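S.K.: I am attaching a structure below and will ask some questions about it afterwards.
The values are calculated or read from the model by the stated rules, or taken from the named source; none is laboratory data. Everything quoted here is computed from the prediction, not taken from an experiment. Every residue, glycine as well, gets a Cβ built from its backbone with ideal geometry; the counts of neighbours run over all protein chains shown.
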Ligand SMILES: Cc1cc2nc3c(=O)[nH]c(=O)nc-3n(C[C@H](O)[C@H](O)[C@H](O)COP(=O)(O)OP(=O)(O)OC[C@H]3O[C@@H](n4cnc5c(N)ncnc54)[C@H](O)[C@@H]3O)c2cc1C
């Protein structure tokens, strides 16, 4: 492997005007929301930075595709969560994007008919009971799973698990910690009609990135750090690692020396949840709800006690695409079967609700499988029961040379683009102070 210096695999000309490939102060690994915000901040504060990204694009888990359906389709992040503390909403408003608040229009089925008022009330009451039990345990800092504290919800148990676990956390009730969950902020959701990924890409265009450049080994035992990539090696004073917990846990990046035990343990308990949009382009107003409305239904089937069902965001942004979202263990299992299994499952459940007309209504379908995606290996991370300590541990730098940022390190808006962005800013500020 070539060592980076003048005239190496990273010629200065190949790098954008603000990058510094020679021996930068900091190498940022990953050009998702965390890596981009960190790089911009580090440069603003006078440090030289090289950002390396294994993929052929920036954005990581926030990406708007327009090639599949010919209209904006967010393969990953779509909601701009917690508007009150989400800088991307203001960025969109200031830069001519069509930003709007998420409406709440919903159609909910029990079998092949609309739910009755009593059924809807029973569902709401069951959800409220679950959220109250999880919140109460979280408030008491109990590092136990929702499965340990949520009361028996009878007929609504699987449906609530889907809505509050798999759909929100990308995990079932037995796989995350109430104490960790409780640290997350909540607020109003907004949308960007052009797609969250398009908005992010616009915001990131000022940051030069070395694409198709994968970190393979990070040597941090001596002075500074050395990063071996598929395109050569880089030396720097510090490295900021922003890859997902899925990538870190899979040992795709080798650390020499290995990560300290406590850090490795944090990586091991901050596990990835699984979550996919099974996107359908449907004719007409199939669900009879407005743009960005929801379709849900009572779940009666499980797969090893994980709810086997989906929640749909209908006609997202008015572009005709419906995101049928599966999460948790069921999403992980479906990933093993491939995207055609996911499609078949959604169509089969839609037929139970609406009859066979659904098949004629589908123009096209697509799923991006985040579990199989080598550069992510899951959707987003949360602490396993007993692991609520792990985010703080992950944030802690090692030897002032090895730094971590990304959604999993966020203090209060983990699992979001905004949280990843803020974690990058925070890490950059600390790096500047330290080195
Ligand atoms: C299906 C899905 C739906 C979601 N929905 C929402 C939502 O509605 N709203 C919301 O706010 N958030 C949502 N999220 C979460 C959100 O997308 C993430 O929290 C956020 O984008 C993570 O940003 P990040 O910078 O931490 O990580 P990433 O975006 O994963 O960035 C890390 C980067 O590192 C790169 N990389 C990996 N390995 C290497 C390597 N060895 N060398 C170099 N580069 C490497 C990756 O390619 C990637 O670009 C969703 C996520 C998924 C998957």
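S.K.: Mind listing whichever residues of the stretch 271-307 are part of a loop (DSSP other than H, G, I, E, B) and within 16 Å of the ligand (Cβ to nearest atom)? If you could, list the steps in order and put the result at the bottom.
M.R.: In the first step, residues of the stretch 271-307 are kept if they are part of a loop (DSSP other than H, G, I, E, B); the result is 273-274, 283-292, 298-301, 304-305.
Selection gives 273, 274, 292.
S.K.: Can you pull out every residue in the stretch 61-80 that is within 19 Å of residue 327 (Cβ to Cβ), within 8 Å of the ligand (Cβ to nearest atom) and surrounded by 23 or more Cβ atoms within 10 Å (Cβ to Cβ)?
M.R.: Residues satisfying the conditions are 61, 62, 74, 75, 76, 77, 78.
S.K.: Is it the case that the stretch 183-190 has a residue that's assigned to a helix (DSSP H, G or I), more than 17 Å from the chain's Cα centre (by Cα) and over 10 Å from residue 328 (Cβ atoms)?
M.R.: Initially, the stretch 183-190 is screened for residues assigned to a helix (DSSP H, G or I), giving none.
Scanning the stretch 183-190 turns up no residue that is assigned to a helix (DSSP H, G or I), more than 17 Å from the chain's Cα centre (by Cα) and over 10 Å from residue 328 (Cβ atoms).
Here's the yes/no breakdown for (1) surrounded by fewer than 21 Cβ atoms within 10 Å (Cβ to Cβ); (2) under 26 Å from residue 71 (Cα atoms); (3) touching a strand residue (DSSP E or B) at 6+ places or on another chain (Cβ under 8 Å):
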residue: 281; (1), (2), (3): yes, yes, yes
residue: 285; (1), (2), (3): yes, yes, no
residue: 303; (1), (2), (3): yes, no, no
residue: 306; (1), (2), (3): no, no, no
residue: 310; (1), (2), (3): no, yes, yes
residue: 313; (1), (2), (3): no, yes, yes
residue: 331; (1), (2), (3): no, yes, yes
residue: 341; (1), (2), (3): yes, yes, no
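S.K.: Of all the residues that make up the stretch 351-374, how many are more than 16 Å from the ligand (Cβ to nearest atom), over 13 Å from residue 280 (Cβ atoms) and touching a residue at least 40 places away in the same chain (Cβ under 8 Å)?
M.R.: Looking only at that region, the number is 3.
S.K.: Moving to a separate point now. Kindly indicate the residue of the stretch 217-238 that is in a strand (DSSP E or B) and within 11 Å of the ligand (Cβ to nearest atom) and also nearest to residue 391 (Cα to Cα) among those meeting that condition. Spell out how you get there, then give the answer.
M.R.: Pass one, the stretch 217-238, residues in a strand (DSSP E or B): 217-219, 225-229, 232-236, 238.
Keeping just the survivors that are within 11 Å of the ligand (Cβ to nearest atom) gives 217-218, 227-229.
Details: 217: 23, 218: 21, 227: 24, 228: 27, 229: 27 Å.
Selected residue: 218.
S.K.: Can you name the condition, by its number, that residue 84 falls short on among (1) modelled with pLDDT of 95 or more; (2) assigned to a helix (DSSP H, G or I); (3) away from the ligand (no atom under 12 Å from the Cβ)?
M.R.: The one condition residue 84 does not meet is (1).
S.K.: Of 400, 412, which residue is within 16 Å of the ligand (Cβ to nearest atom) and surrounded by fewer than 22 Cβ atoms within 10 Å (Cβ to Cβ)?
M.R.: Working: 400 fails: within 16 Å of the ligand (Cβ to nearest atom).
Criteria check complete, one pass: 412.
S.K.: Among residues belonging to the stretch 242-255 that are outside any loop (DSSP other than H, G, I, E, B) and buried (at least 24 other Cβ atoms within 10 Å of the Cβ), point out the one that is nearest to the ligand (Cβ to nearest atom).
M.R.: First pass over the stretch 242-255, keeping only residues outside any loop (DSSP other than H, G, I, E, B): 245-249, 254-255.
Keeping just the survivors that are buried (at least 24 other Cβ atoms within 10 Å of the Cβ) gives 245-248.
Numbers: 245: 9, 246: 9, 247: 5, 248: 9 Å.
The qualifying residue nearest to the ligand (Cβ to nearest atom) is 247.
S.K.: Can you list the helices (runs of 4 or more DSSP H) found entirely within the stretch 320-435 that contain at least 1 residues being in contact with a helix residue (DSSP H, G or I) (Cβ under 8 Å, 6 or more places away or on another chain) and assigned by TED's automatic domain parsing to the domain that holds residue 28? Let's see the steps before the verdict.
M.R.: Details: elements: 328-337, 339-354, 357-361, 390-395, 417-434.
Passing ranges, in order: 390-395, 417-434.
S.K.: If you don't mind, another one. Among the residues in the stretch 74-83, are any under 22 Å from the mean Cα position of the chain (by Cα) and either without any contact (Cβ under 8 Å) to a residue 12 or more places away in the chain or at positive phi (or both)? Write out each step before concluding.
M.R.: Restricting attention to the stretch 74-83, the residues satisfying the condition of being under 22 Å from the mean Cα position of the chain (by Cα) are 74-83.
Still in the list and also either without any contact (Cβ under 8 Å) to a residue 12 or more places away in the chain or at positive phi (or both): 82.
Checking the stretch 74-83: at least one residue is under 22 Å from the mean Cα position of the chain (by Cα) and either without any contact (Cβ under 8 Å) to a residue 12 or more places away in the chain or at positive phi (or both).
S.K.: Return the total of residues in the stretch 153-169 being surrounded by 23 or more Cβ atoms within 10 Å (Cβ to Cβ) and either outside any helix (DSSP H, G or I) or at pLDDT below 95 (or both).
M.R.: Adding up the residues that qualify gives 0.
S.K.: Another question about this same structure. Out of all the residues in the stretch 1-19, which are under 11 Å from residue 234 (Cα atoms) and either modelled with pLDDT of 90 or more or crowded, with 19+ Cβ neighbours inside 10 Å (or both)?
M.R.: Scanning the stretch 1-19 gives 4, 10.
S.K.: Just to be sure, is residue 97 in contact with a strand residue (DSSP E or B) (Cβ under 6 Å, 6 or more places away or on another chain), away from the ligand (no atom under 15 Å from the Cβ) and in a loop (DSSP other than H, G, I, E, B)?
M.R.: Working: in contact with a strand residue (DSSP E or B) (Cβ under 6 Å, 6 or more places away or on another chain): yes; away from the ligand (no atom under 15 Å from the Cβ): yes; in a loop (DSSP other than H, G, I, E, B): yes.
When the stated conditions are applied, residue 97 passes them.
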